[in-house]
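Reviewing the structure listed below.
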Amino acid sequence: MVGLITAIIFVPLIGALAVCTWPHGGGRPIALMFNVISAACALALWRNFDATAVGLQFVERHAWIPAVGAEYLVGIDGLSLLLVLLTSLIIPFAFLAQPIAGSSRAFYATMLVMQSALYGTFTAQNFVLWFLFYEMSLIPAFLLIKIWGGENRDRAATKFFLYTFLGSVAMLLSFLGIYFAKGTFDFAALAGLGKNGLLTGKVAWLAFAGIFVGLAVKVPLFPFHTWLPDAYETAPVGVSMVLTGVLSKMGVYGFVRLLLPLFPHEIKVIGPWLLALAICSIVFAPLAAWAQRDLKRMIAYLSINHLGYCMLALFAVAASPVVADRIDTHAALSGVFMQIFNHGITAATLFYFVGLLEQRRGLRGIDDFGGLMQRTPGDVFVVGSAGIERIHRRVFDFQSLLRARSRVCGHCCDRASRHSHRLCARYAITL
């Protein structure tokens, strides 16, 4: 299976070239054909993945820029495989979500470039390569919002670019400082050094702050979330599906892959503050969603709420060794990964249904669709997003909050969970 990860990364790029150069027909059939090839490669990875093995699998390592320690190093573990499968599942439906007027070939080619970058981000194991793919995914997202977005697209695209660009610059400067101090960009080597303290003194805190800000913007975590509602509201439906279903997972993935292994001491020191930010995301986002009348903007705020649970569980596990000894860390991380996948599916599906409503009615305000649940088959995804009992999110919420109780006031966490779910459920009833 050598070369399979490379094939997954480069097949969408070849598809983008084919879409632009194919002499006949539109771009969507060609884009879907290359998506099928990528999905087949992802399924082959899943079929041959050994769930009992520890460490990376399907590793490919080649010299790239030895002078700066950059390598073409890719591989997958359980989390990477989950996100690769999620990307392969959401992108085709994003292509089918909404017909594109005008330069549709350019739209589908740009989407394929973003898909390739997402695959690379979830499989790269060297920072230089990872950062290249990371930025390569953000540029197409900016162009998709800027060119094919709706009303106020210039403002939304500019806001998206400024937030993500400044966060990326902070993260790049932090890793340059780490490289000058340790001489490597390899994630595994840096994680090993991080167990005994990657850096010391103020330099460590500056590096930690730069990486934290860059990833918190991408999740997004309160208070770095203000770019998200405008971008999700303005973007075409298919782009909104990818933004919420996959791109937002890059931030959570970065926390698991980079920040937690590299800076365990710093996270323990400021753990209570990080937990407070996660709880703010859980509580304030549904309050903001409650005030929205636009369905896309409402779902955008609910996405912030759902991802806040991921960050709550991660920070609760990493913030205290005492907590880590008393709980099942594997179950907590399993809850995070479950929420990542489930949220990607439900949130992207909600955006898909909103797109269908807008195509048929020309409107997407909540007041325009009273009693809609009685006439449409999309209610299960609304209920899943609301977190009604016996739906998958409740399993994750129980796992995450059970882990968080040992670190912060369990009473407050439980109230935050009930409060946010009550607001989400109210919307399900309204629809």
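A short reminder: the numbers here are calculations on the coordinates, not readings from a lab. What you see is a predicted model, and the numbers here were worked out from it, not measured in a lab. Note: ideal-geometry Cβ built from the backbone for every residue, glycine included; neighbour counts use all protein chains shown.
Extending each Cα 7 Å along its Cβ direction at Lys268 and Arg47, get the distance between those two points in nm, one decimal.
4.6 nm
Ratio of region 40-164's C-alpha Rg to 2.2 N^0.38 Å, to two decimals? Show your work: numbers first, answer last.
Numbers: Rg = 16.9 Å, N = 125, 2.2 N^0.38 = 13.8 Å.
Normalised by 2.2 N^0.38 Å, the Cα Rg of region 40-164 equals 1.23.
Expected output is a single nm value to one decimal: the length gained when fully extending between Ile366 and Leu287, i.e. 0.36 nm times separation in residues minus the C-alpha distance. What is it?
Working: separation 79, 0.36 × 79 = 28.44 nm, distance 1.58 nm.
Going from the current span to full extension adds 26.9 nm.
If r is the Cβ-Cβ distance from Asp294 to Val169 and R0 is 45 Å, what FRET efficiency results, to the nearest 0.05? Write out the running numbers ahead of the final one.
Numbers: r = 32 Å, r/R0 = 0.70.
E between Asp294 and Val169, to the nearest 0.05, is 0.90.
Taking 7 Å along the Cα-to-C-beta vector as the label spot, tell me the Ala67-Ser104 distance in nanometres, rounded to one decimal.
4.7 nm
Taking the Cα-to-Cβ direction at Ile147 and at Thr226 and moving 7 Å from each Cα, how far apart do the two end points lie in nm?
About 3.0 nm, to one decimal.
List, in the order given, every pair from Lys146/Lys268; Lys159/Lys195; Lys146/Lys249 whose Cα-Cα distance in the structure shown is over 32 Å. Show your work: numbers first, answer last.
Working: Lys146/Lys268 40 Å; Lys159/Lys195 37 Å; Lys146/Lys249 22 Å.
Where the Cα-Cα span goes over 32 Å, the pairs concerned are Lys146/Lys268; Lys159/Lys195.
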